[in-house]
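Read the structure below first, then the notes.
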Amino acid sequence: SVYGYLKGDVDNPRGDVLRRLASAVHMSEQALRYDDVPANVIALKRIPLLDMAKLGALKANEDPLAQWDSVSTITVSADVPDGAWAVQLRDDSGEPDFKEGDIIVCDPAADVIPGKHVVAVILDDRQAHFAKFRPLAHRDTKRFKLVRSNENYPDIEVSGKVKGFVLARAIKHIRDL
């Protein structure tokens, strides 16, 4: 209800919903019904939450949303670009900074930049991986290395025998504390 009201989908919520909504954002019912949403209330939206295991089945140039179950979503701030999606990390290869269970928001339209984290598919093992992007040549996004933060996991070099591609650059990190 809060999400729908803030997004503008609900113009006139029922009284009980309005009371709960007003309580949640620390406002009076009257102010919430007749005034604009205050500046200290963060605008939110929902984006698809994709399964890392299913992303591994993608082929080059295939839309990652083709693997979405059309149900799983995550709530993020409204400043996240349209077309963005999220994944939940399934291993500890990104530790100490990225832990198993953390949510990573990805923007497929964002430029792939050396030193930034990406989600990439390795075709040989049919798995999606989250790691830091390091090109093997200046401005080369076809031949690259996925550098893991956790020293117990090997880096993955995509070139020659190992085929793969970058799906999207990571733009936000969400973690439960």
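The values are calculated or read from the model by the stated rules, or taken from the named source; none is laboratory data. No experiment lies behind these values; they were computed from the predicted model shown. Counting neighbours? That spans all protein chains shown, and the Cβs are built from the backbone with ideal geometry, glycine included. Just so you know, the surface numbers come from the protein's heavy atoms only, side chains and all, with ligands and any DNA or RNA stripped out. Shrake-Rupley method; radii C 1.70, N 1.55, O 1.52, S 1.80 Å.
A few points about this structure:
- Based on C-alpha pairs under 8 angstrom that are at least 6 apart in sequence, region 45-177 has a relative contact order of 25 percent.
- Using C-alpha pairs under 8 Å with a sequence gap of at least 6, the mean separation divided by the residue count of region 91-132 gives a relative contact order of 28 percent.
- Residues residue 16 and residue 151, FRET efficiency given R0 of 45 Å [Cβ-Cβ distance, rounded to 0.05]: 0.25
- Around residue 111: net Lys/Arg minus Asp/Glu count, Cβ-Cβ under 12 Å: +2
- Carbon + sulfur, % of accessible area of region 135-177 - ligands and nucleic acids excluded, 1.4 Å: 47
- Two-site FRET efficiency, residue 109 against residue 43, from Cβ-Cβ distance with R₀ of 25 Å, rounded to 0.05: 0.75
- Charge sum, other residues only, whose C-beta stays under 11 Å from residue 74's C-beta, Lys/Arg counted +1 and Asp/Glu -1: +3
- Prolate/oblate/rounded label for region 52-130 (Cα gyration tensor, a/c 1.5): rounded
- Within the shell of other residues whose beta carbon sits under 15 angstrom from the beta carbon of residue 157, the net charge comes to +4, with Lys and Arg scored +1 and Asp and Glu -1.
- Diffusion coefficient, µm² s⁻¹, Stokes-Einstein with Kirkwood Rh over alpha-carbon pairs of region 76-170 at 20 °C and 1.002 mPa s: 157
- Cross-linked pairs 45/99; 45/142; 99/161; 45/163: Cα-Cα separations exceed 28 Å for 45/142; 99/161; 45/163.
- With both labels modelled 7 Å from their Cα along Cα-to-Cβ, the residue 75 to residue 138 distance reads 4.8 nm.
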